[in-house]
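This report refers to the structure that appears directly beneath it.
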Amino acid sequence: MAKQEQYTFRQFQASYGTDDDCLRAILRRKMGDEITCPKCGVIGAKFHKISGRRAFACQDCGHHLYPCVGTPFEHSSTPLTLWFHAMYLMTATRNGVSAKELQRQLGVTYKCAWRIGHQLRLLMAARDASQNPGPLSGHVEVDETFIGGKIRRSKGTRRSNKTVVMGMVERGGSFKGQVIENNQSSQLFPVIHKNIAQGTLINTDNWKAYRNLKKMGYAHESVNHQAEEWVPGIHHTNSVESFSSHLKRAISSTHVSISKQHTDKYLGEFAYRFNNRKEPAVMFQRLLTQISLPFSSPL
């Protein structure tokens with residue numbers, strides 16, 4: 001098997017070594033290589049960098065362009081080189097980057113590093129959604145897993161504050177997932193209906209909540225793990241369980257713990273890397289392309 005092409009840190013530095021390099025890259029993503037001035041209409045107009053500002057001026061009419069408007073960088077005073085460095089780190093690693101590691105690498109405050117990390121996770125989730133807009137089809141594995149928290153027993157009851165994450169993987173294809181309130185059919189079925197095309201062959205474990213999938217119009221085959229049944233023929237849930245296992249190991253080793261409030265962001269980050277796993281060299285560039293699209297941050 002041929003070795004996958006990588007995007008090295010040396011290549012990254014050569015392209016985005018200064019704030020001006022980063023700003024011009026954002027301008028190219030938003031306006032293209034040949035810019036038409038929005039004011040004077042000159043095709044292929046030359047825009048010169050305005051000193052001390054994140055802006056360019058048209059050579060013919062003086063019209064100003066602000067490439068960072070509508071991006072995560074718009075209201076940030078953090079240098080673009082640090083934002084881009086964080087983007088590189090988060091696309092170059094399999095296990096993600098903690099806020100403390102970003103703080104050490106970038107030389108910023110923990111609050112700034114935390115915000116950069118979450119803004120980029122939102123960007124990764126948005127890029128993944130734009131790359132994989134349609135429902136999963138063909139042969140899909142579905143499973144739910146529990147992240148973080150603890151199981152506590154009191155007065156004969158068993159309570160848990162764990163976060164339930166539902167995952168779906170198209171065999172040999174993309175992953176989709178989201179946080180749900182519990183692992184009952186009332187929560188599972190709406191997500192399946194939204195993300196998996198009717199008639200698809202679905203593999204699950206033998207959890208009782210999946211029993212009515214055939215009535216919903218899906219072909220369904222379950223695997224009984226309790227009876228040590230793992231891969232009966234083509235039916236298994238190994239792909240989606242592998243994703244869940246990697247997600248949990250990465251969270252416990254890199255982030256130690258995460259809150260339920262932000263779990264969807266981390267899930268979007270890991271889904272983006274998983275769905276671009278066959279093309280690691282373009283993962284950074286695809287994330288940079290997403291910057292040209294409208295961005296809304298709930299932070």
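No value in this document is a laboratory result; all are computed from the given coordinates. All figures in this text were calculated on a predicted structure; none of them were measured in a lab. Heads up, the Cβs are rebuilt from the backbone with ideal geometry, glycines too, and the neighbour counts pull from every protein chain shown.
Ordering THR109, THR200 by the number of other Cβ atoms within 10 Å of each residue's own Cβ, fewest first, gives THR109, THR200.
Each Cα pair under 8 Å and six or more residues apart adds its separation to the average, and for the chain the resulting relative contact order is 22 percent. For LYS208, go through the lysines and keep the ones whose alpha-carbon is under 26 Å away, minus same-chain ones fewer than eight residues off. Result set, ordered by chain and number: LYS150, LYS162, LYS176, LYS194, LYS248, LYS260.
Summarising the label geometry, the points placed 7 Å from Cα in the beta-carbon direction at THR8 and GLU279 lie 2.3 nm from one another. Principal axis extents of the C-alpha atoms in the range 139-258 (largest first, rounded to whole Å): 42, 34, 31.
Loop-located trypsin sites (Lys or Arg not before Pro) in the range 1-98 (DSSP state not H, G, I, E or B) with no more than 10 neighbouring Cβ atoms inside 10 Å: LYS3. The calculated Kirkwood hydrodynamic radius for the chain is 21.6 Å, given to one decimal from all distinct C-alpha pairs. Once the C-beta distance of LYS150 and ASN182 is scaled by a Förster radius of 25 Å, the resulting FRET efficiency is 0.90 to the nearest 0.05. Each residue of the range 215-231 is assigned a 3J(HN,Hα), and the resulting list reads 5, 8, x, 10, 7, 10, 10, 9, 10, 8, 5, 5, 9, 6, 9, 10, 9 Hz, derived from the Karplus form 6.51 cos²θ - 1.76 cosθ + 1.60 (θ = phi - 60°), x at Gly and Pro. Taking 0.36 nm per residue of separation and subtracting the current Cα-Cα distance, fully stretching the chain between CYS61 and ALA209 would add 46.8 nm. Of the residues ALA126, ALA45, ALA55, the one that moves most in a GNM of the chain with alpha-carbon contacts below 10 Å is ALA45. Note on ASN161 and ALA129: with the Förster distance fixed at 35 Å, the Cβ-Cβ geometry gives a FRET efficiency of about 0.80. Estimated from helices alone, the mean residue ellipticity of the chain at 222 nm is -11000 deg cm²/dmol (sum of -39500 (n - 2.57) over DSSP H runs with n ≥ 4, per residue). Taking label points 7 Å from Cα along the Cα-to-Cβ direction, ASP33 and THR109 give a separation of 4.3 nm. Taking only the Cα atoms of the range 55-98, the ratio Rg/Rh comes out at 1.18, with Rh defined as the Kirkwood radius. Fully extending the segment from SER253 to LYS100 would add 53.8 nm, taking 0.36 nm per residue of separation and subtracting the current Cα-Cα distance.
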